[in-house]
Amino acid sequence: MKKVFTLATLLLAVVMTTSVSAQDFSGIDKSPMDMAAYPTDYKVSEKAVRIIYGRPQLKGRSMDELAPTGKVWRTGANEAPEITFYKDVNFGGKDIKAGTYSLFTIPGEEEWTIILNKNLNQWGSYFYDESADVARVTVPNGSDSASLEEFSIAFKDAKDGTSLVMGWDKTRVAVPITM
């Protein structure tokens, strides 16, 4: 009995080793996932808000080619970003309950529409459903003299709270958040 058990264990080890070593791993993502949280200080473990998003790069392309003006955009690359509010907030003038939402945008020449949507785990904006919108906020389209190659999201302290700031190329868009 002991020989059978030893032989079975050895056989299982060989099978496991063979199947693990045959595993294919994908290469490095060309639009890596990133995360921003507020408060931004890493020493503060109790966050108020966090967003996870993909970071596309221009790579010689125009921003309008990747985030077309007037069309719903996934706000980054790959999956639509998911933003989690750990407490109730006011997001650009709209009261939002604590929870996790998908973030979409509609880029514009003068202003952007920022959309919080209750449908999660969405790839791109292919299955975006406007009826699942929780809030739509319109904010002015700003600019900066410095160009950003990679789409970026950050939280910045403001006089009356904080702002979720999105930047790409020379475009900057900020949504005020009051906690």
Taking segment 30-43, which residues are open to solvent by 80 Å² or more (accessible area, probe 1.4 Å), assigned to a loop (DSSP other than H, G, I, E, B) and either closer than 16 Å to Gly54 by Cα or in contact with a Ser or Thr (Cβ under 8 Å, 6 or more places away or on another chain) (or both)?
Lys30
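Of these, Val72, Val49, Val89, Val137, which one is touching a Gly at 6+ places or on another chain (Cβ under 6 Å) and farther than 20 Å from Pro32 by Cα?
Values: Val72 fails: touching a Gly at 6+ places or on another chain (Cβ under 6 Å); Val49 fails: touching a Gly at 6+ places or on another chain (Cβ under 6 Å); Val89 fails: touching a Gly at 6+ places or on another chain (Cβ under 6 Å).
Result: Val137 is the single residue among Val72, Val49, Val89, Val137 that is touching a Gly at 6+ places or on another chain (Cβ under 6 Å) and farther than 20 Å from Pro32 by Cα.
Regarding Ala48, is this residue at negative phi and either open to solvent by 60 Å² or more (accessible area, probe 1.4 Å) or in contact (Cβ under 8 Å) with a residue 60 or more places away in the chain (or both)? Break it down stepwise before answering.
Numbers: at negative phi: yes; either open to solvent by 60 Å² or more (accessible area, probe 1.4 Å) or in contact (Cβ under 8 Å) with a residue 60 or more places away in the chain (or both): yes.
Considered against the rule, which asks whether it is at negative phi and either open to solvent by 60 Å² or more (accessible area, probe 1.4 Å) or in contact (Cβ under 8 Å) with a residue 60 or more places away in the chain (or both), Ala48 comes out as yes.
Looking at segment 82-119, which of its residues are within 11 Å of the chain's Cα centre (by Cα) and either open to solvent by 50 Å² or more (accessible area, probe 1.4 Å) or among the acidic types (Asp, Glu) (or both)? Working first, answer last.
The initial filter retains those residues of segment 82-119 that are within 11 Å of the chain's Cα centre (by Cα), namely 82-84, 101-104.
Listed by number, the list holds a single entry, Glu82.
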2 or more residues of a type in the set (D, E, K, R) and in contact (Cβ under 8 Å) with a residue 12 or more places away in the chain: qualifying strands (runs of 3 or more DSSP E) within segment 96-167:
133-158
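Of everything in segment 125-139, what is open to solvent by less than 50 Å² (accessible area, probe 1.4 Å) and more than 17 Å from Ile153 (Cβ to Cβ)? Give them in sequence order. Spell out how you get there, then give the answer.
Our first condition is that a residue be open to solvent by less than 50 Å² (accessible area, probe 1.4 Å); within segment 125-139, this holds for 125, 128, 132-133, 135, 137, 139.
Tyr128, Ala132, Asp133, Ala135 - these are the residues of segment 125-139 that are open to solvent by less than 50 Å² (accessible area, probe 1.4 Å) and more than 17 Å from Ile153 (Cβ to Cβ).
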Can you say whether Glu79 is more than 20 Å from Arg50 (Cβ to Cβ), touching a residue at least 40 places away in the same chain (Cβ under 8 Å), open to solvent by 20 Å² or more (accessible area, probe 1.4 Å) and not polar (S, T, N, Q), as far as the supplied structure shows?
no
Can you tell me which of (1) at pLDDT 95 or above; (2) open to solvent by less than 50 Å² (accessible area, probe 1.4 Å) is the one Gln122 doesn't meet?
(1)
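The values are calculated or read from the model by the stated rules, or taken from the named source; none is laboratory data. Since we're looking at a predicted model, the values are computed, not measured. Glycine gets a Cβ as well: all are built from the backbone with ideal geometry, and neighbour counts include every protein chain shown. Note: accessible area is taken over every heavy atom of the protein model, side chains too, but ligands, DNA and RNA are not part of it. Shrake-Rupley method; radii C 1.70, N 1.55, O 1.52, S 1.80 Å.
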